[in-house]
Structures are given as structure tokens and as C-alpha cells.
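The values are calculated or read from the model by the stated rules, or taken from the named source; none is laboratory data. All figures in this text were calculated on a predicted structure; none of them were measured in a lab. Every residue, glycine among them, receives a Cβ derived from its backbone with ideal geometry; neighbour counts consider all protein chains shown. Accessible surface is based on the protein model in full, side chains and every heavy atom, while ligands, DNA and RNA are left aside. Shrake-Rupley method; radii C 1.70, N 1.55, O 1.52, S 1.80 Å.
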Amino acid sequence: MSLSDYTETEGLPKADRKPYKPWSYDTARAKLYIPRLAPGQDRWFAAALSNRQDKPSRLAVFAERPQHQRWEMVSVVDLDSKQLPNVALDQDGYATAVAANDNKQLAVGADLLRTAVLDNFATGGTNTGTKVFEPTTASKQQIMVHDKTGTRFGDQGTTVFAGGTNRYKDAHALKTTDGGALILFSHTHTQTDAVAHSGLQLNPGKDDRAWLHGVPRRSIQYTFVCNDAATVPAKAAPSRLIGYTCARTDASGPPVASGWSERA
């Protein structure tokens, strides 16, 4: 996701590139959720962060990567509310890591949460999304993306969302005070825009230049990698999607035949 930001910026003319402004997280205000882990378990922790003098509004996961001999931020989600999830802490202040999938103590696992998120984009939540999630700002926003983006071309083109190849299948879960869990996971989805008939073309915008080089296309498939955060109850009840963050990481499509100039 970070690399895609750099790629997109480097595709812009220098005059359109915004100057980089260094920033950092406010570590004094950070709230850490460090789980007790059994010997041999992968080491990780979650952190509620802010990059301003404000309450934490972002959840991140840091994991040890022995092959790289360092710790890395492997997930970060902007929360819809500054009211942090109620993570359960023991008397020493440690959190409890729980299984994110195949956990009989939870209503759903990370894999079904991911399926529901993809359904929000693909169908507007018709099949799985609105069954797994109760309405929240994040879930309604995903459904709105489907509804508004899917109809913006009118009768001149179409937009279809679908799940993409997901390289990031790991998920992290912490027990919450109600017996449920906070689950942080990732998903990948695609958005395919296409013209309705020959004689029309899609003209890439300036933010697409890094991938599409300004060449008109008959169709364009965008790939988005996203991080998601949800709270899941212990009983059979809807979960809450409390935030998600996406980055466009690729775009491709067949160029139009030379000579066409009408725009979709």
C-alpha cells in the first residue's frame, strides 16, 4: 500500500506532486495492546495511534519478521470513531490473543468477515455483507461505493467489483471485554470499468498515469489492497466493521484502437 502511494506520485508531472511533509505518530498518546503469547507463536502487538495532538484514531499491527531481522507494521486501519474497542486486559495490562479463524467462541471468523466485506463492494451487501455486519459508518461506506461507482457511467459504461487475489491472508485477533474479539485482517478487491459499446473510450486520470500512461482504454481494471477492523461478538449476532483503509495498487486494460476520441 505504501509503495503504491510512491508509484502513483512518481507518475505525476513534477508540478502536480505535493511536497512531502515528514510526520510521526504521537507515541506519548499511543495505547498498546500486547498479547501474552505461548512459546513458538509469532510475536505481534496492536497499537492505537494518532499523528496529531488528538485521541488515537488509527489501529495498527506490528509483527516480528525474523527473516528481515526487524519488526514491521503489517496493517493499519483508520477508525470511524475515536472510541477504541474494549480490548480485555489482565491484571498486568496484557491483552489476550485469540484465534481469528475456526474459533468456536466467536460468532464469525476473519475469513467470513473478509467475504462479507467483498460482498459489500460486489453486490452492495446483498448476499453476505448485510447479514454478517450491522450497519456502521464503514460498512455503509463500502455499500455506497458499490452503489454510486457502479452507476456513474449511466448507459455508456459499466463498473463491476470483485474479489482479487489476496496475498495477505494473516489475521490478528484480541479478546474483548464482552467475550468477543477485535479482528484485524486484509482483503484485495478489483474494480473493472468498461465502455458499453465500440466508439467509446476511458481516458485515464492523472492519478492513473503511473500505470496507464495516459493511454485511452476500452476497459480498466483497478486493484485495491485494504486493511479492515471489526469487532465480533461471542454469540450469534451481527459483527461491527469499525474501519477500513484502501490503496490502489495496480491498474491495467487494453488500449483502444487509434482514431477513437469519444469519451465514456
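Before moving on, here are some points about what is shown:
- In sequence order, calculated HN-Hα J values of the range 93-103 (Karplus, 6.51, -1.76, 1.60; Hz; x Gly/Pro): x, 8, 8, 10, 7, 10, 5, 7, 9, 6, 10
- Once the Cα-Cα distance is subtracted from the 0.36 nm per residue extended length, the Lys82 to Asp155 segment shows a gain of 22.2 nm.
- Computed label-point distance, nm, for sites Asp54 and Tyr20 using a 7 Å Cα→Cβ extension: 2.4
- For Arg65, distant residues with modelled amide H under 5 Å away: Arg70, Trp71, Glu72
- Label-to-label distance, nm, for residues given as Ala196 and Ser2 (7 Å Cα→Cβ offset): 4.4
- For the range 131-143, the Karplus equation 6.51 cos²θ - 1.76 cosθ + 1.60, evaluated at θ = phi - 60°, returns couplings of 8, 7, 10, 7, x, 9, 4, 5, 5, 5, 5, 4, 5 Hz by residue, with Gly and Pro reported as x.
- Karplus-derived HN-Hα couplings along the range 18-30 (A = 6.51, B = -1.76, C = 1.60, θ = phi - 60°), whole Hz, x at Gly and Pro: 6, x, 6, 10, x, 8, 8, 6, 7, 5, 5, 9, 5
- Counted residue by residue at 0.36 nm each, then reduced by the alpha carbon distance between them, the extension gain from Lys235 to Asn203 reaches 6.6 nm.
- Cα centroid separation - the range 88-123 against the range 145-209, whole Å: 21
- Share of carbon and sulfur in the accessible heavy-atom surface of the chain [1.4 Å probe, %]: 49
- Under 28 Å of direct C-alpha separation, and excluding same-chain neighbours fewer than eight residues apart, Lys31 reaches these lysines: Lys21, Lys55, Lys82, Lys140, Lys169, Lys175, Lys235.
- Close amide H pairs (under 5 Å, H built 1.01 Å from N) link Asp170 with no residue at least 5 positions away or on another chain.
- Largest mean-square fluctuation among His213, His187, His146, in a Gaussian network model of the chain whose springs join Cα atoms under 10 Å apart, belongs to His213.
- Degrees separating the helix 110-123 axis from the principal Cα axis of the chain, which is the longest one: 30
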